[in-house]
Amino acid sequence: MSYRDKQYDTCIVSFEEPNIGIIQINRPKAFNAVNEKLLDETFEVLEGMHYDPEVRAIIICGNENAFAAGADIKAVKDFNAFQARNFLDKVHKVIFMIEDNHKPVVAAVNGLALGGGLELVMACDIRIVGDTATLGLPEMNLGIFPGAGGTQRFPRNASICLAKQYIFTGEFFTAAIAEKIGLVNMVVPAAEVMDQARKMAKKLARKSPLAMREAKQNINNSMNADIKAGSRAEQVSWSMLFSGADQKEGMNAFIENRKADFKGV
Ligand code: CO8
């Protein structure tokens, strides 16, 4: 059965024109804390959207109180080391299915984005945050540290000393600080987060899906490759686009002074 026809317990999936898929994390009683079921279900939906030609941009959101308050502490507290490792395998599947997704992923964040919740946000391509949101990596207060990519993505997004400050102290910070340190794209009034996310997703959905996918992959690659290797990979991606119809459509539309109609082929 397609992910489009399924009902999920921990997330609500919806679709909007044009070509936007929305995943709402939905465990409101626990501030959307992340358990194994949520990871399994979210992965399935993200993978479905990854291969779904009708989806050209994805929004991940929570509710007005929480994007997600991190791992479900009640569910993970008695794990032994091997169970913890298996849990993180599932976390990695979700995080990399966001980061490697063919479609751009917009995080729409209101309320709390803590621990694994913020780590999910940091895997998203564009991050739109409400002005009353609270962010943080409080794992140090639980006798652990951020293990869902927080030690990797925070320094890459902001800086190594800020990563150390917020990870070592576990202190929460405001949306304004998150914007100032480069962790998020924009801060908007809380009530406007979803509208702004839709606006952004619509913009992205109108571009060529082929060019979008290649651009995303190459930007992500810049975090891991040296500049020469990155530029060589970029060269291959860029040249490949000239074998598709979207590049011809985009350039012809410019010359003919009309809007391009990209088909993703
Ligand atoms: N896990 C489980 N339950 C939670 C969580 C959580 N992370 N956060 C809140 N809850 C539950 C509380 O236990 C409480 O349940 P109940 O009503 O049954 O007692 C309910 O939500 C309300 O919580 P509070 O009474 O504490 O409400 P407050 O408004 O006073 O505080 C806070 C809300 C600030 C969210 C506070 O509950 C808090 O600090 N929560 C913990 C946040 C945290 O430490 N997060 C990090 C978790 S570790 C982690 O994320 C590691 C990453 C691993 C990978 C993750 C994959 C994506």
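The values are calculated or read from the model by the stated rules, or taken from the named source; none is laboratory data. Since the structure is predicted, the reported quantities are computational estimates derived from the model, not experimental observations. Here Cβ is always computed from backbone atoms with ideal geometry, including for glycine, and neighbour counts include all displayed protein chains. We work out accessible area using only protein heavy atoms, side chains counted, and drop any ligands, DNA or RNA first. Shrake-Rupley method; radii C 1.70, N 1.55, O 1.52, S 1.80 Å.
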Name the single residue that is surrounded by the fewest Cβ atoms within 10 Å (Cβ to Cβ) among those in the range 119-144 being within 13 Å of the chain's Cα centre (by Cα) and assigned to a helix (DSSP H, G or I). Ala123
Cβ-Cβ distance below 7 Å, separation of 6 or more or different chains: which pairs start in the range 69-82 with a residue that is not assigned by TED's automatic domain parsing to the domain that holds Gly111 and end on one that is open to solvent by 40 Å² or more (accessible area, probe 1.4 Å) and more than 7 Å from the ligand (Cβ to nearest atom)? none
Under 8 Å between Cβ atoms, which residue pairs at least 6 apart in sequence (or on different chains) link something in the range 127-149 that is without any contact (Cβ under 8 Å) to a residue 60 or more places away in the chain with a partner that is acidic (Asp, Glu) and in a loop (DSSP other than H, G, I, E, B)? Gly136/Glu171
May I ask you to list the residues in the range 16-31 that are open to solvent by less than 60 Å² (accessible area, probe 1.4 Å) and of a type in the set (A, V, I, L, M, F, W, C)? Ile20, Ile22, Ile23, Ile25, Ala30
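In the range 249-265, which residues are under 13 Å from Lys207 (Cα atoms) and not aromatic (Phe, Trp, Tyr)?
If we filter the range 249-265 for residues that are under 13 Å from Lys207 (Cα atoms), which is where we start, we get 249-251, 253, 259-265.
Result: Glu249, Gly250, Met251, Ala253, Lys259, Ala260, Asp261, Lys263, Gly264, Val265.
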Can you tell which of Ala84, Ala71 is farther than 15 Å from Val121 by Cβ, small (Gly, Ala, Ser) and within 16 Å of the ligand (Cβ to nearest atom)? Ala84
Single residue of Asp9, Asp100, Asp5 found to be open to solvent by 40 Å² or more (accessible area, probe 1.4 Å), of a type outside the set (S, T, N, Q), away from the ligand (no atom under 13 Å from the Cβ) and within 12 Å of the chain's Cα centre (by Cα): Asp100
For the subset of the range 216-257 comprising residues that are surrounded by 10 or more Cβ atoms within 10 Å (Cβ to Cβ) and of a type in the set (Lys, Arg), which member is nearest to Pro18 (Cα to Cα)? Lys216
Please pick out the residue among Ala197, Ala175 that is at pLDDT 95 or above and under 20 Å from Gly21 (Cα atoms). Ala197
As an exercise: evaluate Met223 against (1) in the same structural domain as Ala113 (by TED's automatic domain parsing); (2) in contact (Cβ under 8 Å) with a residue 24 or more places away in the chain and give the number of the one condition it does not meet. (1)
Condition broken by Arg156, with the remaining ones in (1) within 20 Å of Ile219 (Cα to Cα); (2) near the ligand (Cβ under 7 Å from one of its atoms); (3) open to solvent by 40 Å² or more (accessible area, probe 1.4 Å) satisfied: (2)
I'd like the full set of residues that are on the phi > 0 side of the Ramachandran plot and either among the aromatic types (Phe, Trp, Tyr) or within 15 Å of the chain's Cα centre (by Cα) (or both), limited to the range 12-34. Phe31
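Counting only residues that are of a type in the set (Phe, Trp, Tyr) and farther than 15 Å from Glu119 by Cβ, give me the helices (runs of 4 or more DSSP H) lying completely in the range 145-197 with at least 1 of them.
Details: elements: 150-157, 160-169, 175-180.
Because the criterion is at least 1 residues that are of a type in the set (Phe, Trp, Tyr) and farther than 15 Å from Glu119 by Cβ, the helices (runs of 4 or more DSSP H) in the range 145-197 that meet it are 160-169.
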